[in-house]
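**Q** Quick one: the structure is below, and I'll ask about it shortly.
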Amino acid sequence: MIAFVKKYEGLWLFVHSPAAMVAAVFAVVILWGAVFAPWIALVNPYDLASFSLFDGLLPPVWLDGANPKYLLGTDDQGRDMISSILYGARLSLVIGLSALTIAAVLGVGLGLAAGYYGGRFDAIVMRIADVQLALPAILTALLIDGIARGILPAAIQQDLRVAVLTLAIALSLWVNFARTARASTFVQMNKEYVQAAIIMGQHPLRVMFVHILPNILGPLLVIMTVDLASAILLEATLSFLGIGLPADSPSLGTLIRIGMQFLLSGEWWILWIPTVFLVVLVVSINILGDFLRDVFNPRLR
């Protein structure tokens, strides 16, 4: 067994990294709870008939006046906090993963093309990336969201909030993928196997996606892990500011925004429980990202 683990260095490092193992456990549990939320949640926060206002503002079970049915208490509408968090994590993860996928496809595609062709195309892509890097990601997302609000008809804006928010986050995160893919492509272009493929007359798309891309996946996977946490935080921040998802969509950011209204009234759990959950999720993803960085770059160990 030890010989098998040593053969796969990444697994060996994972087994000997308590922080990575704990982070992986938290991430898997949260992902499992989000995926199976409709089956394990006590109530459906979207279904008004599944909860009662008479159960509103119940504290967690370790405080006086609690109902054992609601382990972490309820919000002002009588919704179970655990159920709201599970559904909120589900929506936040869907938006984060969707935005990350769009950002990765756009950024990696542009980075590969910029590194392969170079010249004017490379200069244009990198200058656009430099301009965007001068702005914080949240400002870029706010700008894109504002443009979408101005273009889309008011009648359909509410129905497209998730799509617009996902696109805004994606367009604020593509730069890291593009710059990393471009730099790695420059390195791979000097390798003999790439030069041989070019001399054999293979199509540039085949060279980029069959020969170069598989050999630069290491740093891209690290960026995907770190940017997933960034995407979830961006969604939470925008929803907290009232610009992202509406109040009837229980993402983690929306739950935190609603909880702020009760911070000074004594119902602290409505704010702090989803906040702690968000922090645990983001920290777990970041720890896994650091672990992957160490695996793919031995010099950082």
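The values are calculated or read from the model by the stated rules, or taken from the named source; none is laboratory data. Note that the structure is a prediction, hence the values are computed from the model and not measured. For neighbour counting, all protein chains shown are included, and Cβ atoms are generated from backbone atoms with ideal geometry for every residue, glycine included. Note: accessible area is taken over every heavy atom of the protein model, side chains too, but ligands, DNA and RNA are not part of it. Shrake-Rupley method; radii C 1.70, N 1.55, O 1.52, S 1.80 Å.
**Q** Mind listing whichever residues of region 61-82 are surrounded by 18 or more Cβ atoms within 10 Å (Cβ to Cβ) and under 15 Å from Trp268 (Cβ atoms)? Spell out the reasoning first.
**A** Step one: filter region 61-82 for residues surrounded by 18 or more Cβ atoms within 10 Å (Cβ to Cβ), giving 70, 72-75, 79-82.
If the condition is that a residue be surrounded by 18 or more Cβ atoms within 10 Å (Cβ to Cβ) and under 15 Å from Trp268 (Cβ atoms), then Leu72, Gly73, Thr74, Asp75, Met81 are the ones that fit.
Results for (1) within 20 Å of Phe277 (Cβ to Cβ); (2) modelled with pLDDT of 90 or more; (3) β-branched (Val, Ile, Thr), shown as yes or no for each residue.
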{"residue": "Pro219", "(1), (2), (3)": "no, no, no"}
{"residue": "Val222", "(1), (2), (3)": "no, no, yes"}
{"residue": "Val226", "(1), (2), (3)": "yes, no, yes"}
{"residue": "Ile232", "(1), (2), (3)": "yes, yes, yes"}
{"residue": "Phe240", "(1), (2), (3)": "yes, no, no"}
{"residue": "Pro250", "(1), (2), (3)": "yes, no, no"}
{"residue": "Leu255", "(1), (2), (3)": "yes, no, no"}
{"residue": "Ile258", "(1), (2), (3)": "yes, no, yes"}
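**Q** Here are some residues: Ala41, Ala19, Ala66. Which one is at pLDDT 80 or above and closer than 23 Å to Ala231 by Cβ?
**A** Ala19
**Q** Would you be able to say whether some residue in region 215-237 is open to solvent by 30 Å² or more (accessible area, probe 1.4 Å) and more than 19 Å from the chain's Cα centre (by Cα)?
**A** Within region 215-237, one or more residues are open to solvent by 30 Å² or more (accessible area, probe 1.4 Å) and more than 19 Å from the chain's Cα centre (by Cα).
**Q** Then there is this: Which condition from (1) touching a residue at least 40 places away in the same chain (Cβ under 8 Å); (2) open to solvent by less than 40 Å² (accessible area, probe 1.4 Å); (3) not β-branched (Val, Ile, Thr) is the one that Gly56 breaks?
**A** Condition not satisfied by Gly56: (1).
**Q** What number of residues within region 272-301 satisfy the criterion of being more than 16 Å from the chain's Cα centre (by Cα) and open to solvent by less than 10 Å² (accessible area, probe 1.4 Å)?
**A** 1
**Q** Need the failing condition index for Ala197 against (1) at pLDDT 90 or above; (2) open to solvent by less than 20 Å² (accessible area, probe 1.4 Å); (3) over 29 Å from Leu93 (Cβ atoms), just the number.
**A** (1)
Let's see how each residue does on (1) of a type in the set (Gly, Ala, Ser); (2) farther than 16 Å from Leu110 by Cα:
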| residue | (1), (2) |
| --- | --- |
| Gln132 | no, no |
| Ile138 | no, yes |
| Ala141 | yes, yes |
| Leu173 | no, no |
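**Q** Give all pairs with beta carbons closer than 9 Å in which a residue from region 28-51 that is closer than 18 Å to Val280 by Cβ and open to solvent by less than 70 Å² (accessible area, probe 1.4 Å) meets a residue that is among the small types (Gly, Ala, Ser) and outside any helix (DSSP H, G or I); count only pairs at least 6 apart in sequence or on separate chains.
**A** Going by the 9 Å Cβ cut-off, the qualifying pairs are Gly33/Ala41.
**Q** Separate question: Show me the helices (runs of 4 or more DSSP H) entirely contained within region 83-193 in which 2 or more residues are within 18 Å of Gly253 (Cβ to Cβ), open to solvent by 40 Å² or more (accessible area, probe 1.4 Å) and at pLDDT below 90.
**A** Details: elements: 119-133, 137-151, 154-157, 161-171, 174-189.
Because the criterion is at least 2 residues that are within 18 Å of Gly253 (Cβ to Cβ), open to solvent by 40 Å² or more (accessible area, probe 1.4 Å) and at pLDDT below 90, the helices (runs of 4 or more DSSP H) in region 83-193 that meet it are 137-151, 161-171.
**Q** Something else: I'd like the residue in region 243-258 that is surrounded by fewer than 23 Cβ atoms within 10 Å (Cβ to Cβ), within 16 Å of Gly88 (Cβ to Cβ) and of a type outside the set (Ser, Thr, Tyr) and, out of all such residues, is nearest to the chain's Cα centre (by Cα).
**A** Ile256
**Q** Residues of region 179-213 being without any contact (Cβ under 8 Å) to a residue 40 or more places away in the chain and basic (Lys, Arg), which ones?
**A** Lys191, Arg206
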